[in-house]
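Report on the structure given below.
Read the figures in this text as sums done on the coordinates, not as results from a lab. The shown structure was predicted, so the numbers you read here are calculated from the model rather than taken from an experiment. Backbone-built Cβ (ideal geometry, glycine too); neighbour counts: all protein chains shown.
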Ligand code: WT7
């Protein structure tokens, strides 16, 4: 029996039990068999959730790009590693083989070095979904630089905050990006951001759109001429297992975005192992994950996991609606995609357009379908299963987080019987627990509680960059000796998990994790705004959308409300990005507060969700009269 590739349910249970009874032995076997190590580890795992400190494969030496690229050169040199599908369907797709990827990464790595980037330096990558994004990520990893990819939909302010938080020395960007029939001037956004980033000494610019841009002398460099001169050979930097690989920012319920730091060996082992099993990838399959590399899904399941398995990974530059809503299915047909991984919000948006777009295309290559990012509702699940999978491709509803690095709860296709809206069973090595509010573990089945994980897994984030205390407070303080996910879940009669949603002030909008506090901070920047509170409400395409309650300073009261709404959303766009815009903005004379001054979000949430039958206890409010006013004017 190979531990590496699980093919039926009984095998899942066997391997699962083994992984939980003796995690050290289990992960050691996986690591031994499937990766290239420059030196083996001295210790598989040491951990303490109280500190918290977690180390996997301590003492081992490796480079993740040697595992993702170099070692495939003997057997897969001419196999496509990255299959790039451009925004414009008339532009040819690009098949980048492992050999070509190797050359591109080496050259890029040499350019980084020539600009003074070395091991441990932080490099911020702000690029659209073009091959240079994957290549620059790998080039950083090759020389031991720590990449921090910022999704290219974020605003200048959001970008500068992330650059400064990790002290990035360099930014890699492009002149512009294509999104459907639009193009966006990314370099202008970078220029704007860098006005407040004194630590950035160089900017590398990819030519994608040939739009007019400004180049700052001595700071900004076109990438291509540098690549043309660069040596196509670049030795790997030999890294320690626990050396940082990357930082990726995710929203918290309060304060600054959290720079989740992932390290090298454990992340590699876990993303590769989950990729192989969750997608049942076979040697000549074509795998496509529609996420952006700006999110963890793209890091783990477009770049590292697939490439560590020598897979062919599709990278799509565009959007599902361009040139029409059949684009995803056209690409599936064109490249004979075997595994397709997307977000529920995309499925709902496409389902709205009817089955015509799906039926126009031959989807017979599909074997496995996946979803990630938010709970998938029953209707969307069936639409996906019936029309895309034709009831023969199992749907893997994969639950995980930026913090977990890899997939945590998921069916294994053809092994785990699926159940709509259920992420089903813990992946190998994952030990979930449900806790009640007092912190007691709820055992047995048909129960619900707060979802925690009892035992470390190899790809858990090791800290929040520059703020270990916050890491401890956020994930390890709610419940003793447990990693707390921030999600609620229920466990059904056979032990399947269903994620019920966030139990904190994070709202998942179109699969994007948004903290309410930073958006409120942005809204409060508007000169007419006194105070604001943001909650989520159900939305048929986005899953959740944002509802803002806003009180105005006296100066704002006489203003045109529709204009004010536009201005408030403009401020949000500037501070965070268009993804955080509010769908509804209600102006009110006050916000319901406790006597200690805390906004009672519970009430506001119920009003936004139109669940006003039972508002719960309002007697502790300082200003109960405002609740009636808010209900009367609810949108
Ligand atoms: C939050 C993490 C993991 C990559 C994308 C999101 C929600 C994620 C599912 C799922 C229900 C899900 C959770 C989680 N979530 N996957 N299959 N079913 N909810 O990463 O931005 O770090 O967000 O997304 O609430 O905590 P992220």
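Tabulated data for the structure shown
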item	result
DSSP bridge pairs, the chain: antiparallel proportion in percent, nearest 5	60
Isotropically averaged projected area of the range 191-340, using the convex hull of Cα atoms (one quarter of hull area), nm²	13.3
Relative packing of 408-419, 145-156, which averages over residues the other C-beta atoms within 10 Å, highest first	145-156, 408-419
Length released on extending from residue 324 to residue 233, taking residue separation times 0.36 nm less the Cα-Cα span	28.5 nm
Theoretical FRET efficiency, 1/(1+(r/R0)^6), r = Cβ-Cβ of residue 364 and residue 195, R0 45 Å, to 0.05	0.30
Expected-Rg normalisation [2.2 N^0.38 Å, Cα atoms] applied to the chain	0.95
Rh by Kirkwood over Cα pairs, then Stokes-Einstein D for the range 1-151 at 0.890 mPa s and 25 °C, µm²/s	134
In Å, descending, principal axis extents of the Cα set of the range 489-579	59, 20, 20
Computed helical MRE - 222 nm, the chain, DSSP H runs ≥ 4 contributing -39500 (n - 2.57), nearest 500	-8000 deg cm²/dmol
By average C-beta atoms within 10 angstrom, highest first, the peptides 335-347, 598-610	335-347, 598-610
At q = 0.09 Å⁻¹, base-10 log of I(q)/I(0) for the range 384-491 (Debye sum, equal scatterers on each alpha carbon)	-0.28
Computed FRET value (nearest 0.05) for residue 613 with residue 493, which takes r as the C-beta separation and R₀ as 25 Å	0.25
Between the range 340-354 and the range 558-580, the alpha-carbon center distance in angstrom	28
Where only alpha carbons of the range 304-374 are counted, the Rg and the Dmax (Å)	12.5, 37
Whole-angstrom gap from the range 487-535 to the range 132-170, using each part's C-alpha centre	25
Counting DSSP beta bridges with both ends in the range 63-163, the antiparallel % (nearest 5)	50
For the range 383-442, alpha-carbon Rg relative to the globular expectation (2.2 N^0.38 Å, N residues)	1.36
Calculated diffusion of the range 424-578, Stokes-Einstein form, Kirkwood radius summed over Cα pairs, 20 °C and 1.002 mPa s, µm²/s	118
Kirkwood hydrodynamic radius over Cα pairs of the range 510-632, then Stokes diffusion coefficient at 25 °C and 0.890 mPa s, in µm²/s	165
The range 46-92 and the range 298-326: distance between their alpha carbon centers, rounded to Å	14
DSSP-defined antiparallel bridges as percent of all bridges, the range 510-632, nearest 5	75
Along principal axes, Cα extents of the range 1-77, largest first, whole Å	41, 37, 17
Protection-proxy order for peptides 201-211, 433-443, each taking the mean of Cβ atoms within 10 Å per residue, highest first	201-211, 433-443
